[in-house]
1. Please count how many residues of the stretch 288-301 are without any contact (Cβ under 8 Å) to a residue 40 or more places away in the chain and either assigned to a helix (DSSP H, G or I) or surrounded by 19 or more Cβ atoms within 10 Å (Cβ to Cβ) (or both).
2. Residues that are out of contact with any Asp or Glu (no Cβ under 8 Å at 6 or more places or on another chain) and surrounded by fewer than 21 Cβ atoms within 10 Å (Cβ to Cβ): which helices (runs of 4 or more DSSP H) entirely in the stretch 138-212 hold 2 or more of them?
3. Over 39 Å from the mean Cα position of the chain (by Cα), within 30 Å of Pro124 (Cβ to Cβ) and not β-branched (Val, Ile, Thr), is that true of Ala203?
4. Taking the residues in the stretch 396-446 that are without any contact (Cβ under 8 Å) to a residue 24 or more places away in the chain and not hydrophobic (A, V, I, L, M, F, W, C) as candidates, determine which candidate is nearest to Arg607 (Cα to Cα).
5. Given the conditions (1) touching a Lys or Arg at 6+ places or on another chain (Cβ under 7 Å); (2) part of a helix (DSSP H, G or I); (3) of a type in the set (Asp, Glu), which single one is not true for Glu348?
6. If I filter the stretch 293-313 for residues that are of a type in the set (A, V, I, L, M) and in contact with a strand residue (DSSP E or B) (Cβ under 8 Å, 6 or more places away or on another chain), do I get at least one hit?
7. Show the residue pairs that are 6+ apart or on different chains and have beta-carbon atoms under 7 Å apart, the first residue being within the stretch 117-144 and without any contact (Cβ under 8 Å) to a residue 24 or more places away in the chain and closer than 18 Å to Thr236 by Cα, the second being part of a strand (DSSP E or B) and not charged (D, E, K, R).
8. Of the conditions (1) modelled with pLDDT of 85 or more; (2) basic (Lys, Arg); (3) in contact with a helix residue (DSSP H, G or I) (Cβ under 9 Å, 6 or more places away or on another chain), Lys36 clears all except one; give me its number.
Amino acid sequence: MSGAAGTPAEDGGDRPWQSYHTAYTNAKAGMEGVDKEKVQKVIYEMSKGSKYFENEQRKEALTKQKIEHLRAQCATLTDNDILHFQKVAEKKMLELEASRDLSKIWLHTDMDAFYAAVETLEDPSLKGKPLAVGSMSMIATASYEARKFGVRAAMPGFIGCKLCPGLVFVRPNFERYTHYSELTRKVFQRYDPNFIATSLDEAYLNITNVCIERGITGEEVATELRAAVHQETGLTCSAGVAPNRMIAKVCSDINKPNGQFILPNDREAVLTFVSTLPIRKIGGIGKVTEQMLREVLGISTCQEMLQKAAFLCALFSECSADFFLSVGLGLGGTETPEQRQRKSISCERTFTATNDSSLLFEKLANLAENLMGDLQKEGLKGKTLTLKLKTADFEVRTRAVTTRGYINSKEDILIYATKLLKAEMPLSLRLMGLRMSQLHDEKDVSSTSTQKTIYIFLRSSNSNLNVHGANVQSITDISGQDNGPISVTTKDDYLEPDTGTGASTDQQDFFVHDKSIFIPEQRNLGNYSNEAVLSNPVIGDGLDGAKIDDVTTSAKVMNAEKLDDAGQLISHEAAASSSKPGQQLWIDGYICSICGFELPPGFEEERQEHSDFHLAESLQQEETVDSKRPICSGRLAEKPCSTTTPTPKKKLKSSKEGKHIPIDAFFAKCNKNL
């Protein structure tokens, strides 16, 4: 295994820790004089055999696969291929060079060991001591005194204690950090009202206008701003000034703590600066990318990216290649990004691994409360809730659910989050997080949408149809007990049972279809006997309620066999339409195939409502297809309808206001059976 690998050498050499590189061994500001090999050895010894160690081995194996794949691709490149990609790279570099903008002056400011500095300011007795903000599980920030021992942020506290036995721990206080962050932002506002805050302690400022209006240099602005921050907060910060944001961030790290670095707005100065700059210093190039570029192409500095430009274009995507070439040329963002609506809000917490369900649900409730606070503070609501889990084995899982309406209360968040977590139990976790996306302003009521249930859809349909005459038929068993109205629907007629809305006798038409029967709410038809009859012996035909001789009061509607199979009838119809493009399925067990709505298997009621919604939607679409399709009553007759198509009878005109088709017209096809 290469010496740059992230796990110990497989051959178990005398010094396996030399090949054990993790995020913890990457130097931060204040760690320049640290004995790197000593730190590597401690981390290796403390991690060996742990779940974290095993997870690092898995990740390293995947990285090695990527490296081998890139090497194989590189080996297949011919001279003609390299020549072709060299031309592509040269064209790209010319285009990128033409976009260089040296007219802007950007300043990046970064507070020095922010959390630790705030704690020291609040408690002067901590000054000069090696301090870590966090716990034995994880360190959020380490003071510069602690960094001299190799202690750094994102490191487990127990490893920090091994590196620095005198390490002092302080629990985080984010309310306090937010307060001081707001004080610093008031200072930034003076120099750039549209400054870009990337965290509580970092920000980008476009100081071009300030320099022009006041006739001062970027260096003077940086000095003045740092003094103002110290005066307002009592804290120090470091600054970097450069022609673009990418380089300005690198510059702010050079003279930390409490320092600044100015790069002139000159092309040659920029190219000279980046020529020897390690690629890991660039934001967006992490441990894995650094390892791949170094081990496949031998790239370790930004200038070497330009020298290997052809291979970068050949092996990486166009987007990645453009980024790498921009880095080699020292190009970065110069325009202030447009203000965009926030896409998501999230919070997460790391803790000692536990499988105690009560403790996990307690932590989940705390997360829901924190997320609610953040959402309500921003005046936002969301529809998609994502649960992030990291198991004791460092496996990361995310589970999401999309709600029907926008939510931001703790109660609503907790209802969905609890169901997501229950679906994953039992398991041992060391991290949990919640994220809300699909956000909108809670004051904007026009964008609040709630998905209709089939009950609401059918009720609205019933209201519309009642204008022209209600088409509801009640079925009664032989004992005379009314079991409530049942809608027998067709493509022309979709209703829902509503005992509160009765239809007069002269308004009732009996519509049936030979391939469609929908019975909302009352799914169990076992209570109906084979002698079920029409509840009204008088059926309005538009002739003042006169009786129809062709239909007697004891006319059988369904035989016992068909009633017993009513549930199968609906299932049969669903199965028959399974080949239709609009058929609703759950992809991967939780994604709706029609609309992408996400509902895990644990949400039975919500999934049923969602399926009903699509069913109602499909019925509504079919409603306009063919309203004149011949109707057969074979589903309700004891014998099948005649296959011959008789000449349609002339419709009788109703003497009443509404137009109704006489009942004999519907049973004309089956008069032999009646």
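1. Counting residues in the stretch 288-301 that are without any contact (Cβ under 8 Å) to a residue 40 or more places away in the chain and either assigned to a helix (DSSP H, G or I) or surrounded by 19 or more Cβ atoms within 10 Å (Cβ to Cβ) (or both) gives 4.
2. 157-163, 174-191
3. no
4. Applying the filter and picking the extreme gives Thr403.
5. (2)
6. No, that holds for no residue.
7. Every condition considered, the pairs that remain are Thr120/Leu131.
8. Condition (1) is where Lys36 drops out.
The values are calculated or read from the model by the stated rules, or taken from the named source; none is laboratory data. Owing to the predicted nature of the structure, the values given are computational and were not obtained by experimental measurement. Methodologically, a virtual Cβ is constructed for each residue, glycine included, from the backbone with ideal geometry; neighbour enumeration extends over all protein chains shown.
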